[in-house]
1. For the stretch 146-175, what are the residues that are aliphatic (A, V, I, L, M), open to solvent by less than 60 Å² (accessible area, probe 1.4 Å) and out of contact with any Asp or Glu (no Cβ under 9 Å at 6 or more places or on another chain)?
2. Give the residue, chosen from 85, 69, that is among the β-branched types (Val, Ile, Thr), in contact with a His (Cβ under 9 Å, 6 or more places away or on another chain) and modelled with pLDDT under 95.
Amino acid sequence: VTPSEKGIAKAVCTFRPTTGTTGTKVTLTFTASGGGRTSTTAATITVHPEGARHLHRTIHRIKDLGKRVGVALNPATPETLIEEVLADVDLILVMTVNPGFGGQSFIPACVDKIDSVARLIAQKGFPQTVLEIDGGVSAANLADLATKGAQWAVAGNSVFSRPDLGQGYRDLQDL
C-alpha cells in the first residue's frame, strides 16, 4: 500500500459477506496507506478470472449475495474465456492496461478486444451486459473506444492528474 504522487492513497480491498436481519451484505474494507480504514457496501463486484480457481462458482457466490457481478479481462487474457459465463454476468470489464497502478498508457491492441467483446455480447444475445473499460482512458481516445462498444469507462489519471479536476471530468463528459 503506497500513496500516489498526488497524495491520494492506494487502497487494499477485502470483502466479507455477512448475514443480518436485513439480509446478506458484502462489506468492503479499504485499508489505505497510513493505516486508515473505511468500510462500505458494494453493489457490483468484478473478479479477475486469473484470481478465481472456479470462475463459475465465484460468480454464483457473488450473485447469491444479491450483488451484480462482472468479469475483468486483462490485456493478455483471451476474450473466449468469458463465453461460458457470459449469461451469468452483468458486466465485462476490458482492462486496457495491465492492472496494478495508475498513469499507464492505453494498450492499442485492446481496441480490437473491445470490439470483439462487444460483438460477442451481441451475438450471444445479452444486450443488458455492460461493456466497461479501464486503463489509459482519456478525452483523446474515449470517443473512439465508445464506437467500438465501450459503454462505461474508468478514467483515473486523465481526471485526477489535472490541476482542475472538474475540467478533467468535463473534458470526458463533453465527448
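1. Across the stretch 146-175, the qualifying residues are 146, 172.
2. Selected residue: 69, the only one of 85, 69 that is among the β-branched types (Val, Ile, Thr), in contact with a His (Cβ under 9 Å, 6 or more places away or on another chain) and modelled with pLDDT under 95.
The values are calculated or read from the model by the stated rules, or taken from the named source; none is laboratory data. Computed from a prediction, not measured in an experiment: that's the story for all the values here. Note that we place each Cβ from the backbone using ideal geometry, even for glycine, and neighbour counts take in every protein chain shown. All accessible areas refer to the heavy atoms of the entire protein, side chains included, with ligands and DNA or RNA removed. Shrake-Rupley method; radii C 1.70, N 1.55, O 1.52, S 1.80 Å.
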